[in-house]
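A.B. asks: To start, I am sharing the structure in question, which I have written as structure tokens.
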Amino acid sequence: MGRFGFVARRLLQTIPMLFGIVLVVFLVLQITPGDPARQIAGLRASEADLEEVRQELGLNDPIIAQYGRYVGNVLQGDLGYSYKSRKPVADIIGDRISVTVWLLSTGVLMTLLISVPLGVIAALRKDRMADHAIRGFGLLGLSMPAFWTGVILLLLVALPTGWFPAGGFGDTFGEKLRAIFLPALTLAIGSSPFIIRGLRAAMISVMESDYISTARSIGVAGGRLVRRFVLRNAAGPGVTLVAIEIGYLLFGAVVIETTFALPGVGQGLVIAAQGRDLPSVQGYTLLFALVVVAVYLLSDIVTAILDPRVEIDT
Amino acid sequence: MTKRLLEVEDLRITLQAGSGTITPVDGVNLALGRGEALGIAGESGSGKSLTLKSIIGLLPQGAQVEGNLRFALGDESPIPYTSTDVHGRGISIIFQEPMTALNPTMRVGDLIAEGPRIHEGLSKTAARERAVELMRQVGIPAPERRAKMWPHQLSGGLRQRVMIATALSTRPKLLLCDEPTTALDVSIQDQILGLLQEIRINLGMSIIFVSHDLAVLGELCDRLAIMYAGQIVETGPTDDVFTKPNHPYTEALMTSVPSFDATSVKLAGIEGHPPDPRSFPPGCRFSPRCRYAREDCTEADFELVATDADRSSACIHTEVFAEGGR
């Protein structure tokens, strides 16, 4: 069957998972207290008005029918209408998503730029000064919450230098890059310690294995040993770690977009939740869940490409 | 003895174990001639594998090595060396478990080509050709096709042949074998032993072969060293040691091996357990398990002494043992 078989199988497994996710998101609306019709029509609406809204939204239909309709709509990209702005939720998300994509991709890139070299150094210098120093800074990074790191960066870097805007997003590529730098750095400071620690552990376990002894015995040393023998074997666990971390980063984005006043989906979720705008909350939740599923799927595929043994391990 | 290739003098290896330290190899002396095959026999934990790994400088991190190791890289007499002097040059090693000893994310042909690429500066293509050639030399059928395979796609026997080809890729003078047949089926074991014998004769290589299996050592080795509790207790030509062991431990080892020609054999086994490396018994370390032990065995200082022109034993009662034992 081979690796392509593995990827195909993994894709098929995702389908029932997606239905499960849609079901959970759908149920959020059902179990949340409060009457959606009242929410839309307002406090002074009469019972007749409410009934009209219910009819219009199909709220009187059996739950199964509502679920079927919801799945059908979602499949067509229709996530319903915001209670607040009356605009399609899909459009609201569409307006906000590019900011978050910028934030996450820059944040992940920075995380990798920081954590791969430091993780490698910590593993190669295990139990020596460099290792202790890296682990110490890692602990520091872990113990600083993102909203605090963000504020500190704003106060100590953005305001005195004026290089970076204190909030908001830009229009040109350069403006966007400037606006995203500090938020992405905040993300990276919070997530790097986790990746550094995982990568260090993965590399140490690889370096203690017999095949590293074999490599050293035939004279493979230094950078060549790390590149050709250690990194590819440690990369599998590393990719999985990064995938898990991206899941957390999504929720980090909620905090960071609020701190830096970035108009992304994280900020959108906060606004929707505060306004009890349930269709929007549903839309954001669905989006976050889909991203996590996609990232895990991608990480499994990358792992399969990196490790020739995956085909027999499934 | 022919010209010396390797000398090990008073080797002592200390490891951290919990809060204290242990000395699993404690005063080992070895000498190996060019083209010679030496077998080191002993139970698990006797220190035979560590001795082997210290020769090629592949001990685990934190291991302390004392003593003198000398190796002849050229035609001169053996001189002190560091691990980088011999890695990829004079000494190669093959391990017990070929699955874990081969890089799982590297095609086997690329692994075998590493040595030639680094040390002979061969181009990628030339190194690949050499890898295929080496694979043919160690008896791997269809080497061109197999060179492109991953380790997990090969059988255990083929994996060990790949390991041997990798070891040979750097043209070593000395091949260290750390129980290379233990993890294999018996029929494959014989093939691998035959291959090693053939390589040794064709390439004039020296071999140190570590095993707990005396029959395996008997097939391949000119000389034997018997290890017990971190020390060598007897050395001598293989045939002599087999026909007339000079140490009670050797004798006990041999009577615990089943043989085909004996009619009604009761396997003796050895009473008791190998000693704990955290507290070796005083005097002769085998004395608590020895059926010939006398009072002075626990008092006498341990020392390997020559009993013959090319034999030595650490037993202080060799005479008594020779009369009483046989």
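A.B. asks: Please note which helices (runs of 4 or more DSSP H) are completely contained in the range A:256-314 and include at least 3 residues that are assigned by TED's automatic domain parsing to the domain that holds A:Val242 and surrounded by fewer than 22 Cβ atoms within 10 Å (Cβ to Cβ).
C.D. replies: Values: elements: A:265-274, A:278-306, A:310-313.
Correct list: A:265-274, A:278-306.
A.B. asks: Count, please, the residues in the range A:201-220 that happen to be within 7 Å of chain B (Cβ to nearest Cβ) and closer than 14 Å to A:Ala123 by Cβ.
C.D. replies: Qualifying residue count for the region: 1.
A.B. asks: Right, another one. A:Gly80 versus (1) touching a strand residue (DSSP E or B) at 6+ places or on another chain (Cβ under 8 Å); (2) of a type outside the set (Lys, Arg); (3) free of Cβ contacts under 8 Å to residues at least 12 places away in the same chain: which is the lone unmet condition?
C.D. replies: Result: A:Gly80 passes all but (3).
A.B. asks: Now for a different question. Residue under question is B:Ala183, and the condition is that it be touching a residue at least 60 places away in the same chain (Cβ under 8 Å) and more than 11 Å from chain A (Cβ to nearest Cβ); does it hold?
C.D. replies: yes
A.B. asks: If you don't mind, there's one more thing I want to ask. Which residue out of A:Arg44, A:Arg69, A:Arg54, A:Arg38 is of a type in the set (Lys, Arg), within 14 Å of A:Leu278 (Cα to Cα) and either in contact with a Ser or Thr (Cβ under 6 Å, 6 or more places away or on another chain) or not assigned by TED's automatic domain parsing to the domain that holds A:Arg276 (or both)?
C.D. replies: One residue alone meets the criteria, A:Arg38.
A.B. asks: So which of B:Leu73, B:Leu58 ends up being part of a loop (DSSP other than H, G, I, E, B), at pLDDT 90 or above and either away from every other protein chain (no Cβ under 14 Å) or surrounded by fewer than 24 Cβ atoms within 10 Å (Cβ to Cβ) (or both)?
C.D. replies: B:Leu58
A.B. asks: For A:Gly136, state whether it is assigned to a helix (DSSP H, G or I) and surrounded by 15 or more Cβ atoms within 10 Å (Cβ to Cβ).
C.D. replies: So A:Gly136 fails the test.
A.B. asks: Next up: Under the condition of being away from chain B (no Cβ under 14 Å) and touching a helix residue (DSSP H, G or I) at 6+ places or on another chain (Cβ under 7 Å), which residue from the range A:221-247 is nearest to A:Asp300 (Cα to Cα)?
C.D. replies: Here the answer is A:Thr240.
A.B. asks: Mind counting the residues in the range B:78-122 that are within 8 Å of another protein chain (Cβ to nearest Cβ) and at positive phi?
C.D. replies: Number satisfying all stated conditions: 1.
A.B. asks: Anything in the range B:153-172 that is of a type in the set (Ser, Thr, Tyr) and assigned to a helix (DSSP H, G or I)? List them, or say none.
C.D. replies: Selection gives B:Thr166 alone.
A.B. asks: I've got another one for you. Please enumerate the residues belonging to the range B:208-226 that are under 21 Å from B:Val25 (Cβ atoms), of a type in the set (A, V, I, L, M) and buried (at least 22 other Cβ atoms within 10 Å of the Cβ).
C.D. replies: B:Ile208, B:Val210, B:Leu217, B:Leu224, B:Ala225, B:Ile226 - these are the residues of the range B:208-226 that are under 21 Å from B:Val25 (Cβ atoms), of a type in the set (A, V, I, L, M) and buried (at least 22 other Cβ atoms within 10 Å of the Cβ).
A.B. asks: If B:Glu36 meets every condition in (1) in contact with an Asp or Glu (Cβ under 7 Å, 6 or more places away or on another chain); (2) under 22 Å from B:Ala314 (Cα atoms) apart from one, which number is that one?
C.D. replies: The one condition B:Glu36 does not meet is (2).
A.B. asks: Identify, by number, the condition in (1) touching a Leu at 6+ places or on another chain (Cβ under 7 Å); (2) not in a loop (DSSP other than H, G, I, E, B) that A:Leu177 doesn't meet.
C.D. replies: (1)
The values are calculated or read from the model by the stated rules, or taken from the named source; none is laboratory data. Note that the structure is predicted; figures quoted are calculated from it, not measured. Here the Cβ is made from the backbone with ideal geometry for all residues, glycine too, and neighbour counts use every protein chain on show.
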